[in-house]
Structure formats: structure tokens, C-alpha cells
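Novice: Before I ask anything, let me first share the structure, which is written out below as C-alpha cells.
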Amino acid sequence: MMAIDNNELILALDALEKEKGIKKEYMMEQIETALITAYKNNYKDSENVKVVVDRKTGETHIYAVKEVVTKLENPILQISKADVVKINKNLKVGDTVDIEINPRNFGRIAAQTAKQVIIQKLREAERDMIFGEFNERKGEIVSGIVQKADTGVVILDLGKLEGIMPAREQIPTEKYKVNDKVKAYVLDVVKGAKGAPQVIISRSAGDFVKKLFEFEIPEIYEGLIEVKSVSRDPGNRCKVAVSAQNENIDPVGSCVGQKGVRIQNIINELSGEKIDVIEWNEDPSIFISSALLPAKVMAVDINEEEKSARVIVPDDQLSLAIGKSGQNARLAARLTGWKIDIKSETQFREMLSKMQEEAEDEEENLEEENNEE
């Protein structure tokens, strides 16, 4: 029988259960498993051993587990029927018996092992608590101080944890410097290779803009206005579709604010990224027309089956509707969820004329075939 600072062990486990929620029985089992490993590592013995820590006193008992046999062939793992009668006359051949042993210096090893297990499990519990805390904050905005920004990945100090912002989640036009204070959106919380929680954050996500709108516009926070969709070209341009359940509320005006104050705060946070606020409409023709602002739209032809739309714009509005490198059309398509084909008025008339000519040619061919017959 060996003591491993019994009172301290029991007090430590009671405190862990009370303060950290780590069950005492679970810790006892972990310590017992660790003590078996420690015994085998230190004594290089091939014995089959079992360790039991007394749940009330903290005393540690170590046993050699042996099989009862008729003829003894391996004294380390077996005990003869004749010898086991002295311990327990009811045991039969094939049963196992626990024989308590007292290896030299094992008390010191046991104390060190128990301490290591407690420290390890305490760290794991703290990691789990922090993981749970930040896991509940997925979809929220956090603020942190830039710790590292020279390897493509930006690391933010979030207090209890580091926030990791991969290159794809950064705004391309921004440069981050150590000690900068930065806001970001919590995309995910994962466990790293060693079990430590990692917070994956983003400034390029559309949901980051959506959350900024919630912060800056009380009507959105209160549920009077809803952000229906967001499409972004991070650092350059963003389109946000909003709607209000109450027809007396102007969703676009509420978001922009008097003299543009509300939207300007969001633009500043996004380092000058332009934002188009558009009123959502259940009629796809109206919604698509609005999504292509600032271009003016003449007509929208909807194909429900293919979820595509042909949009006709005045000749002088074509480049504006498409945008630089197709940006305006691309963002409008993402915002609405529709494929958008933009044609100028002249292009559309030419297309109609060509279709008409083809139809006339086909009609003539049919007449010729009929005449030949």
C-alpha cells in the first residue's frame, strides 16, 4: 500500500469537479490508467498489472493479475492451483487473482504521475471550455490585436485564443501590421493538431458585411429590416439586398442613413469598399433591375425553368450595367441568384432582326420543298 499525497489528491480532484466540471470518477480512472503505463515504463516488467486508487482515501494499490493453472509454466502471469488455495480456496482453474505488490520507489513515481495527469486534464478542460465559449460565437464579430502578419496568414490576439485569418479570408486591398486593432467575423472554431482550439476568422465573407449592418442599423438588429442577400468583391464593391415587412419603412433609406452616415461607418470599416444597398423584391424582374444599379434597365425577360434573365439596357448604359471586368453584372447575379445576360438596345434589335430573317428563310425553304413535292 502506497500513499501519493492522499489528502492533496482527493482535495485536488474535488476542486476540479467543483470548479471545472471534471468528474472525480473520470479523473480516478485516468490516473489508474496512467499509473499502469508508468509501472511498465519504469520496471520493464511483463506482468499483467492492475492499479486501484481508493476513491475515499486516495491510497494506491497495485496488483499483479495472475491466471490460476494446474501446472505452472509462467510464474509472472500464472499461479498454481495449489498456491492460490492459500489466498482464496474458492478460486478455480481459469480464474484470475489479484496479488498486491509493492514495487520499490513506486510511491514517488505514482505521485509524479498523478500530478501530471491532473495538469494534463486541467489543460484539456480549459481548452474544452474555451472551445465551447468561442464555438457559441460562430457567426459573430470579434476584435483582436494583430500579432503576426508576415506569412500570408494574419494572427489576431483575441484574449483567450488566437484568431487565424487565412489569405483567402482577408480583404486584398488591406495591409495588416502588428498591433493593429482589427474586427473580423468568426467563420469556424476547430481543434488543432494538439487539441488546442483555433478560431478561423474572416473579413472577406459576405456575412461579415451582414453582421456590420446589424451593428450599425438598429432597424436590422430589431428585425424591422432584413438583409436578404449579400454579394461582394472584397475591397472593391459590395451589393446588399434589404427588405422591410412594414411598407411604411424605407429599407434602403434606413440603411444609408441621413446624409449617408450609417452606411459610411460600414464603408470605413471595410477600408473604403463601395456598397450598393438595393431593395429586395419577390418579383425577379424588379429585383434584377434594382441589382444592376447604377445602370438603368429597359426590360427584363425571365426564364423561370432555367432561372435566367435577359436584360435590355440603353446603348449608353451597357458598359455601366456590365461594369469593369464584368463586376457589376457578376455581383448582381450572385445577389439575385439568377443568370443574367445583358444586351444593349441595339444588340437586342439586331438579334431580333436576325431571328426574323432566319424565320423568313426557313419559311421560304419549306415553301420550296412543298412546291417540289
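The values are calculated or read from the model by the stated rules, or taken from the named source; none is laboratory data. What you see is a predicted model, and the numbers here were worked out from it, not measured in a lab. Note: ideal-geometry Cβ built from the backbone for every residue, glycine included; neighbour counts use all protein chains shown.
Novice: Looking at segment 226-235, can you tell me whether even one residue there is in contact (Cβ under 8 Å) with a residue 40 or more places away in the chain, surrounded by 21 or more Cβ atoms within 10 Å (Cβ to Cβ) and farther than 17 Å from LEU331 by Cα?
Specialist: No, because not a single residue in segment 226-235 is in contact (Cβ under 8 Å) with a residue 40 or more places away in the chain, surrounded by 21 or more Cβ atoms within 10 Å (Cβ to Cβ) and farther than 17 Å from LEU331 by Cα.
Novice: Which of the residues belonging to segment 326-343 are assigned to a helix (DSSP H, G or I), crowded, with 20+ Cβ neighbours inside 10 Å and out of contact with any Phe, Trp or Tyr (no Cβ under 8 Å at 6 or more places or on another chain)?
Specialist: To start, the set of residues in segment 326-343 that are assigned to a helix (DSSP H, G or I) comprises 326-336.
Next, from what is left, pick out any that are crowded, with 20+ Cβ neighbours inside 10 Å: 328, 331-333, 335-336.
ASN328, LEU331, ALA332, ALA333, LEU335 - these are the residues of segment 326-343 that are assigned to a helix (DSSP H, G or I), crowded, with 20+ Cβ neighbours inside 10 Å and out of contact with any Phe, Trp or Tyr (no Cβ under 8 Å at 6 or more places or on another chain).
Novice: Now a separate question. Name the helices (runs of 4 or more DSSP H) wholly inside segment 6-87 in which the number of residues that are surrounded by 18 or more Cβ atoms within 10 Å (Cβ to Cβ) and within 46 Å of the chain's Cα centre (by Cα) is 1 or more.
Specialist: By residue number, 6-20, 24-43.
Novice: Quick one: which residue in ASP301, ASP250, ASP316 is without any contact (Cβ under 8 Å) to a residue 12 or more places away in the chain and either closer than 19 Å to LEU335 by Cα or of a type outside the set (D, E, K, R) (or both)?
Specialist: Values: ASP250 fails: either closer than 19 Å to LEU335 by Cα or of a type outside the set (D, E, K, R) (or both); ASP316 fails: either closer than 19 Å to LEU335 by Cα or of a type outside the set (D, E, K, R) (or both).
Answer to the selection: ASP301.
Novice: Residue pairs, Cβ under 7 Å, 6 or more apart or interchain, first in segment 73-101 and closer than 26 Å to LYS40 by Cα, second among the acidic types (Asp, Glu). List them.
Specialist: ILE76/GLU47; LEU77/GLU67; GLN78/GLU67; THR96/GLU67
Novice: Hey, ASP276 hits all of (1) surrounded by fewer than 20 Cβ atoms within 10 Å (Cβ to Cβ); (2) touching a residue at least 24 places away in the same chain (Cβ under 8 Å); (3) under 22 Å from GLY260 (Cα atoms) but one; which does it fall short on?
Specialist: Failing condition for ASP276: (1).
Novice: Within segment 186-219, which residues are in a loop (DSSP other than H, G, I, E, B), among the aliphatic types (A, V, I, L, M) and either in contact with an Asp or Glu (Cβ under 6 Å, 6 or more places away or on another chain) or surrounded by 17 or more Cβ atoms within 10 Å (Cβ to Cβ) (or both)?
Specialist: ALA205, ILE217
Novice: Something else: Given the residues LYS160, LYS183, LYS177, which is the only one that is part of a loop (DSSP other than H, G, I, E, B), touching a strand residue (DSSP E or B) at 6+ places or on another chain (Cβ under 7 Å) and either surrounded by 19 or more Cβ atoms within 10 Å (Cβ to Cβ) or not assigned by TED's automatic domain parsing to the domain that holds ARG232 (or both)?
Specialist: On inspection, the qualifying residue turns out to be LYS177.
Novice: May I ask you to say which residue of ILE109, ILE101 is in contact with a helix residue (DSSP H, G or I) (Cβ under 9 Å, 6 or more places away or on another chain) and within 15 Å of ALA38 (Cβ to Cβ)?
Specialist: ILE109
Novice: Quick check: anything in segment 220-229 in contact with a Pro (Cβ under 7 Å, 6 or more places away or on another chain) and assigned to a strand (DSSP E or B)?
Specialist: For segment 220-229, residues in contact with a Pro (Cβ under 7 Å, 6 or more places away or on another chain) and assigned to a strand (DSSP E or B): present.
Novice: Does segment 280-325 hold any residues that are exposed (fewer than 13 other Cβ atoms within 10 Å of the Cβ) and part of a helix (DSSP H, G or I), and which are they?
Specialist: Once the filter is applied, which keeps residues that are exposed (fewer than 13 other Cβ atoms within 10 Å of the Cβ) and part of a helix (DSSP H, G or I), segment 280-325 yields ASP315, ASP316, LYS324, SER325.
Novice: Quick one: would you say PRO234 is under 24 Å from the mean Cα position of the chain (by Cα), within 21 Å of VAL154 (Cβ to Cβ) and assigned by TED's automatic domain parsing to the domain that holds LYS148?
Specialist: Against the criterion (under 24 Å from the mean Cα position of the chain (by Cα), within 21 Å of VAL154 (Cβ to Cβ) and assigned by TED's automatic domain parsing to the domain that holds LYS148), PRO234 does not qualify.
Novice: Shifting gears a bit: Take the residues in segment 247-265 that are at positive phi and of a type in the set (Gly, Ala, Ser), then tell me which one is surrounded by the fewest Cβ atoms within 10 Å (Cβ to Cβ). Working first, answer last.
Specialist: So in segment 247-265, the residues at positive phi come out as 257, 259-260.
Checking the rest, the ones that are also of a type in the set (Gly, Ala, Ser) come to 257, 260.
Details: GLY257: 15, GLY260: 10.
Ranking the candidates gives GLY260 first.
Novice: Restricting attention to segment 133-156, does a residue exist that is of a type in the set (Ser, Thr, Tyr), assigned by TED's automatic domain parsing to the domain that holds GLN198 and either in contact (Cβ under 8 Å) with a residue 40 or more places away in the chain or assigned to a loop (DSSP other than H, G, I, E, B) (or both)?
Specialist: Yes, that holds for at least one residue.
Novice: Here's something else I'd like to know. Looking at ASN365, ASN268, which is the one that is at pLDDT 90 or above, in a helix (DSSP H, G or I) and surrounded by fewer than 16 Cβ atoms within 10 Å (Cβ to Cβ)?
Specialist: ASN268
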